[in-house]
Each structure stands twice: as C-alpha cells, then as structure tokens.
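Input: a single structure, listed below in structure tokens.
The values are calculated or read from the model by the stated rules, or taken from the named source; none is laboratory data. Given the structure is predicted, the values throughout are model-derived calculations rather than measurements. Heads up, the Cβs are rebuilt from the backbone with ideal geometry, glycines too, and the neighbour counts pull from every protein chain shown.
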Amino acid sequence: MKEILNSINKVFDHRIRLAIMSALMVNEFMDFSSLKELLGVTDGNLASHIKALESELFIEVEKQFIDKKPNTRYRVTKEGQVAFHKHIDALEKLINSK
Amino acid sequence: MNKEKYLEDLGEIRKIMGESTQFLSLSGISGVLVGIFALLGSAQVYYLIENHVGNYITLESTTFRYIVITAGVVLFLSVVTAFLFTYLKARKSSQQLWNAASKKLIINFLIPLLTGGCFSILLINQQVYGLIGSVTLIFYGLACINASKYTLRDIRYLGLIQVVLGLLSMAVPGYSLYFWALGFGVFHIIYGFIMYFKYDKK
C-alpha cells in the first residue's frame, strides 16, 4: 500500500494539472487559449499550473509567431509521459485495492 | 485512503481526453437534409441525361454544363446546411464551434476529400467520366473514416458503406448514378436519422 502511495505523483495531485496532462497526452500539442477554453480556467490559474508542470520538465513550451501574433504551445515530454502513466497505474491500483 | 477522489480523478482524465480530441456537435438533421439534396440532385441529373439529344455527352454540351451546375448547387447547399446545423447544435450544447477538436476533424476530413476532388478533375481531363461516381463515393467514404477518430464513431460505418458502394459501382458499370444516389442520398438520410434519434433527440 505504502509503495503505491509513493508512486502517486504529488505534482499531479491537483485537478487542473491532471487535466492539462490529460489533454496533452492525447494531443500532439495544444496552445494556451485552447487549453484555457477546454478547462474553463482563468489565465493566471492556468499559467501557474503550467509553470509547475514545466519546472518538473513534464511539459515543454514552444513559442512561435503565427501572423505576427505570438503563439505559445505546449507538448508533453518523454519524462512527462512516463510520470503520467505511472500516476494512472497507481490510481488504478489504489482503486482496485481493498 | 480517499478512493472517491481517485475515481473522480480518473473520470476527469477520461473526460478531458475525450473533449480535447472529439467534436461532438455534428448534427443528425443536417445529414438527413444533405441526403435529400443528393437525391434531388441525382434525379435532376437523371432527367438531364434522359433528355440529352445526341449519343455522347461532351464537355462542351449544355447537358454537361447543367450537370456541373447541379453538382455545384448540391455541394453548396450541403456544406451550408451542415455548417449551419452544426453551429446551432454547438451553441445549444455550449461547445465551441472552432476548437482544437473541430480543427482536427475538418483537416482530417478534407485530406482524403480534396484528394478525391482533384482526382475526379484529373479524370475529367483524361476524359474518363465513367469512374467519377465511384471515385467520389470512395474518397468521401475514406474522408468519413479518417474524420471518425475526431467525432462520434458512427460516421465510420457511413464511410465504410460509401467505400463499398464506390467499389460496387466500379464493378457494375453503367449504374453509377444509382449507386451515387444510394450512397450520398439514401444512406445519408438513414445515418442522419440514426444520429438524430441516438444523440440529438433529448
């Protein structure tokens, strides 16, 4: 039991971060406004959670210009994928354990 | 431990994964209407061909010009209808019309569709008219199959049916207008009704 709890990733233990990771796992990349629209959160809120995931190196930022407008998009890193899978496995084990 | 919370987490993960990759606001009624337009268009083309004077329909003939105009009108009405009803449905269910999922849906739908369109134009250039019906059915079917990853899966079966009809139409030459009416007309109407009763009518 304790072992499983250790693999629950504290970084993911927050609904919005979990949602950001979920969206990025199934999309090659997503930009800030699409994420914001999908999750229905404020700019500041989303930015702070993105920063948290970024500092863990679970997601990476790509800045570019589309029609001279800055566009920031995010993609999940290899580390992020591994960590997310581990987290889901742990969640499943916890739910299945009596 | 807090099992409830973890279950909710998993539910949330599934929901976000679905919402960010699937556009669910395609309207069933627009499918029915598009099918009706296709049937009316086919009837008009049938009438034009029956009333054509002369043995062959050439590119310069008025009959050919009317057929092209009919096809253009059907295409235009279909696109406008599909767009309008999808817009209304998206607004009703407060899903954004232009989001990451719908962009993917449209791009993946258009890749096979435009390929088929170009292929048909090239066939006309090569004066191979007999294959146009099959080619439009097959490529439209592939477009539906390709788009099905980004919306409700039902459209996959519509696509498979169109591909089969396209191949049959090539195997049984001379009946391509009937296969076309069956695929674009009848099966669109059936598909539209199924979608309407399964998802819209709530």
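Of everything in the stretch B:1-13 that is within 17 Å of residue A:21 (Cα to Cα) and more than 8 Å from every other protein chain (Cβ to nearest Cβ), the residue that is modelled with the lowest pLDDT is B:8. None of B:72, B:28, B:35, B:18 is free of Cβ contacts under 8 Å to residues at least 60 places away in the same chain and more than 14 Å from chain A (Cβ to nearest Cβ) except B:72. The stretch A:8-60 holds helices (runs of 4 or more DSSP H) entirely within its bounds, and those carrying 2 or more residues that are small (Gly, Ala, Ser) and facing chain B (nearest Cβ under 8 Å) map to A:15-26. Of all residues in the stretch B:1-54, those being under 24 Å from residue B:157 (Cβ atoms), part of a helix (DSSP H, G or I) and among the aromatic types (Phe, Trp, Tyr) number 1.
Can you spot a residue in the stretch B:77-93 that is farther than 30 Å from residue B:182 by Cα, more than 14 Å from chain A (Cβ to nearest Cβ) and touching a residue at least 40 places away in the same chain (Cβ under 8 Å)? Even if it seems obvious, please write down each step before you answer.
The first filter runs over the stretch B:77-93 and keeps only residues farther than 30 Å from residue B:182 by Cα, leaving B:91-93.
Subsequent filtering for residues that are more than 14 Å from chain A (Cβ to nearest Cβ) retains B:91-93.
Filter once more, keeping what is touching a residue at least 40 places away in the same chain (Cβ under 8 Å): B:93.
Yes, the conditions are met somewhere in the stretch B:77-93.
Only one residue in B:122, B:114, B:110 is surrounded by 13 or more Cβ atoms within 10 Å (Cβ to Cβ) and either part of a helix (DSSP H, G or I) or under 19 Å from the mean Cα position of the chain (by Cα) (or both), so which one is that? Within the list B:122, B:114, B:110, the selection yields B:110. Only a single criterion out of (1) surrounded by fewer than 16 Cβ atoms within 10 Å (Cβ to Cβ); (2) part of a helix (DSSP H, G or I); (3) among the β-branched types (Val, Ile, Thr) is not satisfied by residue B:145, namely (1).
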